[in-house]
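Visitor: Encoded as structure tokens, here's the structure I'll be asking about.
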Amino acid sequence: MRILIVEDDFGSRVLMKKLLSVYGSCDVVIDGEEAVSSFKLAWEEKTPYSLVMMDIMLPEIDGQEALLQIRSYEKSIGLSDKDRVKVIMTTALGDPKNVVTAYNKGEASSYIVKPVEIAKLREEMTKLGFEEQ
Amino acid sequence: MKNRILIVEDESIVALDLQNRLESNGFDVIDIVSNGSRAVEKAITEIPDLILMDINLKGSIDGIEAASLIKRQIDCAIVFLTAFADEKTLKKARVSDASGYILKPFRENELLITIELAIKRASVKKKIEENSNWLYSTLNNIQDAVITVSNENQIIFLNESARTLIGENVSEGDVFDHELFIHVEGGRTYFQYNDKKTDIDYFQTDIFDEDKTLLGKVHFIHDISKQVAFEIGLEKARIAAENSNRAKSDFLANVTHELRTPLNTIIGMNSLISELYIDEEVSKMHELIGQAAETLLRQVNELLEFSDIDRGQLKINISRFSIQELISEILGTFKDQIELKSLKIVDNSDDIPLLVGDKNKVRDIISCLFSNAVKFTKSGQIRIRSQVKENTLILSIADTGIGFSEEQKDSIFNLLMQVDGSHTRIFGGIGVGLSLVKELLDLLNGSIEVESVESEGSQFTIRIPIDISDDQKSEVEDNRKFEPSLSSTENPLSEYSDLVILLKEIDKLLIDDDYKLIEKKIKGYSKSHKLIELNFESNVLFRVSIAMKLKNKEKFKTIMKEVIVDSEKTTGGRL
């Protein structure tokens, strides 16, 4: 199972990778632009990601924008809704309004507020159908 | 315009004669009637300028009665014609307010003069009435109360506003003694009527006739209660705002203190950890914790300094300092970021002697501006120029960064404003910076000028009053100056930072190589040249591989630079 982590803070990257490595092999990128490129390349190499863990606040293009581009790409390759990659948005912002915006538009699968509570993360992963390996 | 005349005369010969004479003298005879009732009818419908009315008329009403009936309805001059000059008739005529009389038989010029005079008088009377109406209208429509009284304080005239103020049932003739109503108390003038106290502006003036005899007074009373209420409200709002501001400042100061306390524990404890024996993995975590805590501490300090200024608690400390040293120090702080972006730093400063001023605040100002310059410039150069002219330190920092527009120029000094306020947070930080700079400059009586062109760059110039130190003997200097220039192959390798050396090597790499091979090559080079130990984490290789697959050489180099800089931080040393 491939997981793509998109996180621009060094410390958070290390943490996320540690937490998610039990679910599958993790690739880490640091901005929205890299996220979209990696996602597309993964499909082209026929080993797509099953999960994207992405922060909303990112350099180059932000999480919301990157998410839209990913969804748009999935549509262009003819993926049905149920086959789309699962996306968990993370945010350190006090009010999750921006997260909820993405969530409500149906593009993200779930959201988590930083600092991440490990138990909460595990709960979300289970909900989305991922199991520890 | 011909004057229009109605002839009321029952003797037709006299009537026709009159008509002839009038018409040949330029008057327009509109009609001839022979009795009073017809006269009234005609007058009301035709509204002549003048009526020549015979007093003795056949019919139910005579000329005088007809005249009074007409006068009730319309305004026109009436000249009586009468054959009799007896007392009784004349008396009757006088009472009726005629404009003139003519005795029959009459001479032509007598006729004409009387008519002219009559018309003239009527027109003057009309004018006077009009003016009077205008005057009364004006007085009754102004908001101020106007009361004219005689010398015995009897009301001669009062306008509508006065009636409202004093009472509807007051009228001309009543006594109005202003001293009963108008009081001055505690700097305010009041109008007191029954239980109602109104704030007013009061003014009175005497009225004299042309012989300078005092005829009476005019009182002007201007109601200012609305204004007073507004002012009171304004004062309340101002106090409320001040209180709110103070509460906010106290809150801010409190919050930042609350934030700093645990931070100190984190930083302190974390540094103690490094003294214990810990394995590599824990050591890395410890390093990361430390860095994150330092960053947080920096932001909190910026916030705290800002709130200190806000509450007026920041003091000025004077000491001797060297501006060059300050600049060097600041450049040193940003060394990594400068190298990462390969920015060229140019210092065009004059040779400036030791200065006397608030070193720390000056440092904070320059540091903040420089931080912005580095932050907002992706590539190119930053030029610093400092000079001292007429006891003023003039320092400018110019960059080739993203700049900002005219509209944004005004708001960049606002708290929390960053040029790019969206989530595309390329540039990090919380945006207290420039407003802090402004506050510090205000404290030092300095000023700042800004120029910018979008996508081309910006220039910030500060001016701070400063003195040149009398004692120019420099203290022992710190020789660790940062020199970011990358040129000159004459310098031995050890003069360059490891980053620079490695970057040159990376430039030679081919993007078509296998990335594992690249890792090997670079690590090998670093080892053989006794440079830093490079730490390629697996996620870096992943990102590099993406960049290579997309044939993005720029991205590739950027990632490699990051690796080198990060390695310097985490592994911390040469092999």
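The values are calculated or read from the model by the stated rules, or taken from the named source; none is laboratory data. Model, not experiment: these values are computed from the prediction. All Cβ positions, glycine included, derive from the backbone under ideal geometry; neighbour counts span all protein chains shown.
Visitor: Residues B:L259, B:L272, B:L263: which one is assigned by TED's automatic domain parsing to the domain that holds B:M285, over 30 Å from B:G187 (Cβ atoms) and either aromatic (F, W, Y) or in contact with a Leu (Cβ under 6 Å, 6 or more places away or on another chain) (or both)? Walk me through it before giving the result.
Guide: On the way: B:L259 fails: either aromatic (F, W, Y) or in contact with a Leu (Cβ under 6 Å, 6 or more places away or on another chain) (or both); B:L272 fails: either aromatic (F, W, Y) or in contact with a Leu (Cβ under 6 Å, 6 or more places away or on another chain) (or both).
Selected residue: B:L263, the only one of B:L259, B:L272, B:L263 that is assigned by TED's automatic domain parsing to the domain that holds B:M285, over 30 Å from B:G187 (Cβ atoms) and either aromatic (F, W, Y) or in contact with a Leu (Cβ under 6 Å, 6 or more places away or on another chain) (or both).
Visitor: Regarding the stretch B:263-279, can at least one residue be identified that is modelled with pLDDT under 85, more than 43 Å from the chain's Cα centre (by Cα), within 14 Å of another protein chain (Cβ to nearest Cβ) and over 30 Å from B:D199 (Cα atoms)?
Guide: Here is the first cut: in the stretch B:263-279, the ones modelled with pLDDT under 85 are B:263-278.
Those still in the list that are more than 43 Å from the chain's Cα centre (by Cα) too: B:264-278.
Checking the rest, the ones that are also within 14 Å of another protein chain (Cβ to nearest Cβ) come to B:266, B:270.
Imposing the further condition that a residue be over 30 Å from B:D199 (Cα atoms) reduces the set to B:266, B:270.
So far as the stretch B:263-279 goes, yes, one or more of its residues are modelled with pLDDT under 85, more than 43 Å from the chain's Cα centre (by Cα), within 14 Å of another protein chain (Cβ to nearest Cβ) and over 30 Å from B:D199 (Cα atoms).
Visitor: Restricting attention to the stretch B:531-546, which residues are closer than 11 Å to A:E34 by Cα and within 8 Å of chain A (Cβ to nearest Cβ)?
Guide: Scanning the stretch B:531-546 gives B:F542, B:R543, B:I546.
Visitor: Shifting gears a bit: So B:I464 passes all but one of these: (1) at pLDDT 85 or above; (2) surrounded by fewer than 18 Cβ atoms within 10 Å (Cβ to Cβ); (3) not polar (S, T, N, Q). Which condition number does it fail?
Guide: The single condition B:I464 does not satisfy is (2).
Visitor: Another question, then. Please state which one of B:D75, B:D17, B:D31 is part of a strand (DSSP E or B) and among the charged types (D, E, K, R).
Guide: Being part of a strand (DSSP E or B) and among the charged types (D, E, K, R) holds for just one of B:D75, B:D17, B:D31, which is B:D31.
Visitor: Among the candidates B:S349, B:S396, single out the residue that is among the polar types (S, T, N, Q) and assigned to a loop (DSSP other than H, G, I, E, B). Don't jump to the end; show me each part of the working.
Guide: Values: B:S396 fails: assigned to a loop (DSSP other than H, G, I, E, B).
When all the criteria are applied, what remains is B:S349.
Visitor: State whether one or more residues within the stretch A:61-73 are touching a residue at least 12 places away in the same chain (Cβ under 8 Å), within 13 Å of another protein chain (Cβ to nearest Cβ), more than 20 Å from A:L121 (Cα to Cα) and not in a helix (DSSP H, G or I).
Guide: Scanning the stretch A:61-73 turns up at least one residue that is touching a residue at least 12 places away in the same chain (Cβ under 8 Å), within 13 Å of another protein chain (Cβ to nearest Cβ), more than 20 Å from A:L121 (Cα to Cα) and not in a helix (DSSP H, G or I).
Visitor: Another question about this same structure. Among B:I200, B:I147, B:I155, which is the only one that is touching a helix residue (DSSP H, G or I) at 6+ places or on another chain (Cβ under 6 Å) and assigned to a strand (DSSP E or B)? Can you show your working first?
Guide: On the way: B:I200 fails: touching a helix residue (DSSP H, G or I) at 6+ places or on another chain (Cβ under 6 Å); B:I155 fails: touching a helix residue (DSSP H, G or I) at 6+ places or on another chain (Cβ under 6 Å).
Residue meeting the stated conditions: B:I147.
Residues checked against (1) among the acidic types (D, E); (2) touching a helix residue (DSSP H, G or I) at 6+ places or on another chain (Cβ under 6 Å):
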residue: B:D174; (1), (2): yes, no
residue: B:D195; (1), (2): yes, no
residue: B:D211; (1), (2): yes, no
residue: B:A247; (1), (2): no, no
residue: B:N254; (1), (2): no, no
residue: B:I266; (1), (2): no, yes
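Visitor: Is it the case, given these coordinates, that A:L4 is surrounded by 23 or more Cβ atoms within 10 Å (Cβ to Cβ), under 24 Å from B:S567 (Cα atoms) and facing chain B (nearest Cβ under 10 Å)?
Guide: Details: surrounded by 23 or more Cβ atoms within 10 Å (Cβ to Cβ): yes; under 24 Å from B:S567 (Cα atoms): yes; facing chain B (nearest Cβ under 10 Å): yes.
Considered against the rule, which asks whether it is surrounded by 23 or more Cβ atoms within 10 Å (Cβ to Cβ), under 24 Å from B:S567 (Cα atoms) and facing chain B (nearest Cβ under 10 Å), A:L4 comes out as yes.
For every residue, the table says whether it meets (1) surrounded by 13 or more Cβ atoms within 10 Å (Cβ to Cβ); (2) among the hydroxyl-bearing types (S, T, Y).
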{"site": "B:I115", "(1), (2)": "yes, no"}
{"site": "B:I119", "(1), (2)": "yes, no"}
{"site": "B:I128", "(1), (2)": "no, no"}
{"site": "B:S132", "(1), (2)": "no, yes"}
{"site": "B:N141", "(1), (2)": "no, no"}
{"site": "B:V146", "(1), (2)": "yes, no"}
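Visitor: Shifting gears a bit: In the stretch B:230-286, how many are surrounded by 12 or more Cβ atoms within 10 Å (Cβ to Cβ), over 16 Å from B:L296 (Cβ atoms) and basic (K, R)?
Guide: Counting residues in the stretch B:230-286 that are surrounded by 12 or more Cβ atoms within 10 Å (Cβ to Cβ), over 16 Å from B:L296 (Cβ atoms) and basic (K, R) gives 3.
Visitor: Still on this structure: Out of the residues in the stretch A:19-56 meeting the condition of being among the small types (G, A, S) and not in a helix (DSSP H, G or I), tell me which one is farthest from the other protein chains (Cβ to nearest Cβ). Reasoning before the result, please.
Guide: Going residue by residue through the stretch A:19-56, those that are among the small types (G, A, S) are A:21, A:24-25, A:32, A:35, A:37-38, A:42, A:50.
From what's left, not in a helix (DSSP H, G or I): A:21, A:24-25, A:50.
Numbers: A:S21: 11, A:G24: 14, A:S25: 10, A:S50: 16 Å.
So the residue we want is A:S50.
Visitor: Of the residues A:A92, A:A42, which single one is in contact with a Pro (Cβ under 8 Å, 6 or more places away or on another chain), surrounded by fewer than 19 Cβ atoms within 10 Å (Cβ to Cβ) and at pLDDT below 90? Spell out how you get there, then give the answer.
Guide: Numbers: A:A42 fails: at pLDDT below 90.
When all the criteria are applied, what remains is A:A92.
Visitor: Would you be able to tell me the number of residues in the stretch A:1-20 that are among the polar types (S, T, N, Q) and free of Cβ contacts under 8 Å to residues at least 12 places away in the same chain?
Guide: So the first thing to find is which residues in the stretch A:1-20 are among the polar types (S, T, N, Q), and the list is A:12.
With the extra rule that they be free of Cβ contacts under 8 Å to residues at least 12 places away in the same chain, the set shrinks to none.
Result for the stretch A:1-20: 0.
Visitor: Considering only residues that are part of a loop (DSSP other than H, G, I, E, B) and without any contact (Cβ under 8 Å) to a residue 60 or more places away in the chain, which ones fall in the stretch B:352-392? Steps first, answer last, please.
Guide: Step one: list which residues in the stretch B:352-392 are part of a loop (DSSP other than H, G, I, E, B), which gives B:352-354, B:358, B:376-380, B:390-391.
Result: B:I352, B:K378, B:S379, B:E390.
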